[in-house]
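Worksheet: one structure, shown below.
Just so it is clear, none of the values below were taken in a lab; they were calculated from the coordinates. Since the structure is predicted, the reported quantities are computational estimates derived from the model, not experimental observations. Neighbour counts are summed over all protein chains in view; Cβ atoms, including those assigned to glycine, are modelled from backbone coordinates with ideal geometry.
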Amino acid sequence: MNFQFWRQFSKVSHFGNRLLSSLNQIPKSSKSSISFISPLTMITQVSVLDPNTFIFSTTNLEDPHFTTTDPNAFQILEHAAKLLSEDQVIAIPTETVYGLASNALSSEAVKKIYAAKNRPSDNPLIVHISSLKMLKSLLPNNSEIPSIYEPVIKKFWPGPLTILLPKSDLIPSEITCNQPTVAIRFPSHPIARALISTCGFPLAAPSANTSGRPSPTLASHVLTDLDKKIPLIIDGDQCNFGVESTVLDAIGSKDPLILRPGGVTYEALVKIPGFENLKVYNKDFVNKKYEITPTTPGMKYRHYSPDAEMLLVDVVGNKVMNIIDREIQNFKNKTIGILITQQNAKLSDNIQTIFMNGPLKCSSVSENPMKSNQNILQYILGDSLQPKQIARELFKGLRYLDECKVDLIFVEGISEEEEGLAVMNRLRKAATKIIYE
């Protein structure tokens with residue numbers, strides 16, 4: 001099944017058990033928003049916006065304004081802002097992954113994020129802003145942005161970079177889990193920026209999934225996890241980066257630290273004046289205090305895990321498929337999924353292959369059974385020499401194989417250069433078992 005059909009509202013039958021049959025009778029003019037109805041729970045509405053229709057009037061980040069060429073956009077944004085002002089939580093697209101957003105200044109709203117995700121209460125949230133003016137209003141005692149951050153803000157904002165700053169009393173303790181710092185970022189996704197600007201207040205927005213599951217990079221992923229739990233999903237197409245933001249702490253220790261690798265790479269940050277001694281957590285150093293009392297998400301708990309058992313082949317090079325072939329022999333009569341790069345993909349009549357940017361919905365893994373009664377489905381993530389491709393497809397591939405009901409997923413490891421560092425961080429946290437040789 002192709003989720004693209006649903007986005008265009010030319011078909012709704014894919015969601016069989018999610019929709020009443022009467023939805024097939026909805027007039028075409030009414031299909032910019034579809035509501036998923038349950039007699040016992042809330043309605044989840046999905047509204048589609050095209051990020052390419054938003055225009056920001058200036059590159060000055062102090063207080064930017066936007067316009068849009070979509071006549072329906074303001075109505076959708078105002079509806080979303082109204083829900084958020086009423087302490088509701090909604091799902092929004094960002095350039096990293098879809099976020100589950102609430103008013104970051106409302107304790108009651110933030111608690112609803114934890115409830116909808118079933119998120120541990122000691123796992124902090126990131127606050128999202130739409131201007132430097134908004135950021136400054138959140139700092140304690142009218143203080144200034146620490147000067148160490150000025151060059152990275154100039155270079156990488158808006159974008160997938162989160163920085164740790166001193167927390168003010170405006171920020172609820174539920175955001176920071178009673179820590180003295182708060183994680184803040186300025187997203188680059190036009191819809192996220194426009195919505196925060198429309199709200200006039202910052203948004204807390206962790207990934208819009210059930211806690212522990214692979215992060216959502218499509219609106220369909222959000223619907224799978226949070227249907228009937230939230231009132232609105234804004235569908236802005238696939239997220240460009242596919243993994244969460246880089247979290248940078250330049251005020252908590254002598255040297256600046258990457259606490260979580262993400263969309264802005266170590267290689268890019270270390271070139272910035274003042275960041276020559278940049279260190280990466282779990283690679284250059286380990287300090288258990290960051291896991292016991294984390295200041296940022298992604299530090300303490302197992303994350304990003306598919307339903308199927310996941311085996312990470314943490315080997316770089318052409319031995320990967322030989323190792324997978326060897327390991328598969330230990331799982332007779334199991335349905336096998338493989339996430340692999342195009343360099344190591346094995347094309348065979350006995351293996352079903354899904355290429356990067358392929359179908360968004362699984363059909364079946366029983367069409368080409370192996371002679372040994374095994375079914376093997378491989379999803380090609382992209383070029384291992386372009387880790388940005390791998391990052392963009394990673395969570396989508398894991399969710400695709402889960403949807404295909406495979407019993408076991410093998411994932412090829414890649415080099416930790418550039419975005420590969422973020423990819424391997426996510427895979428090691430998600431893995432049931434790691435195979436080194």
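In the chain, helices alone account for a calculated mean residue ellipticity at 222 nm of -7000 deg cm²/dmol, with every DSSP H run of four or more residues adding -39,500 (n - 2.57). Amide H to amide H distances under 5 Å link Gln343 with Ser384, where only residues 5 or more positions off or on other chains count and H is placed in the peptide plane.
Take the alpha carbon gyration tensor of the stretch 45-241, find the square roots of its eigenvalues, order them as a ≥ b ≥ c, and report rounded if a/c is under 1.5; if not, report prolate when a/b exceeds b/c, else oblate. Cα axes put the stretch 45-241 in the oblate bin. Karplus-based coupling profile of the stretch 417-433, in residue order and whole Hz: 7, 6, 5, x, 5, 5, 4, 5, 4, 5, 5, 5, 6, 8, 5, 6, 8, with θ = phi - 60° in 6.51 cos²θ - 1.76 cosθ + 1.60 and x standing for Gly or Pro. Less than 5 angstrom separates the built amide H of Val127 from those of Ala183, Ile184, Arg185, all sequence-distant by 5 or more or on a different chain.
Treating only the Cα positions of the stretch 167-211 as identical point scatterers, give the base-10 log of I(q)/I(0) from the Debye formula at each q in 0.17, 0.19 Å⁻¹. For the stretch 167-211 at q = 0.17, 0.19 Å⁻¹, log10 I(q)/I(0) is -0.61, -0.74. Under 11 Å from the Cβ of Ile324, count the other residues' Cβ atoms, weight Lys and Arg +1, Asp and Glu -1, and hand me the total. Within the 11 Å Cβ shell, the charges total 0.
For the chain, relative contact order (Cα pairs under 8 Å, six or more residues apart, normalised by length) works out to 17 percent.
Once the other residues with Cβ under 12 Å from the Cβ of Gly99 are scored (Lys, Arg +1; Asp, Glu -1), what is the net sum? My count for the surroundings of Gly99 gives 0.
The residue among Leu257, Ser305, Thr96 whose Cα reaches farthest toward the positive pole of the charge dipole of the chain, with charges on the beta-carbon of Lys, Arg, Asp and Glu, is Ser305. Highest mean packing comes first when the peptides 312-318, 273-279, 216-222 are listed by Cβ atoms within 10 Å, giving 216-222, 312-318, 273-279. For the chain, the Cys residues with no second cysteine's beta carbon closer than 4.7 Å are Cys177, Cys199, Cys239. Backbone amide hydrogens, once placed in the peptide plane, bring Ile409 within less than 5 Å of Glu309, Met310, Leu311, Gly337, excluding anything fewer than 5 places away on its chain. Just to be sure I understand, if you calculate mean projected area of the Cα convex hull in nm² for this structure, which of (1) 21.1; (2) 32.0; (3) 26.1 do you get? Matching entry in (1) 21.1; (2) 32.0; (3) 26.1: (1).
Highest mean packing first, where packing is the average number of other Cβ atoms within 10 Å per residue, the peptides 408-420, 46-58 line up as 408-420, 46-58.
Ranked by the mean number of other Cβ atoms within 10 Å of their residues, highest first, the peptides 243-256, 336-349, 181-194 come out as 181-194, 243-256, 336-349. Summing +1 for each Lys or Arg and -1 for each Asp or Glu among the other residues whose beta-carbon sits under 13 angstrom from that of Leu203 gives +2.
The antiparallel fraction among DSSP beta bridges confined to the chain stands at about 40%.
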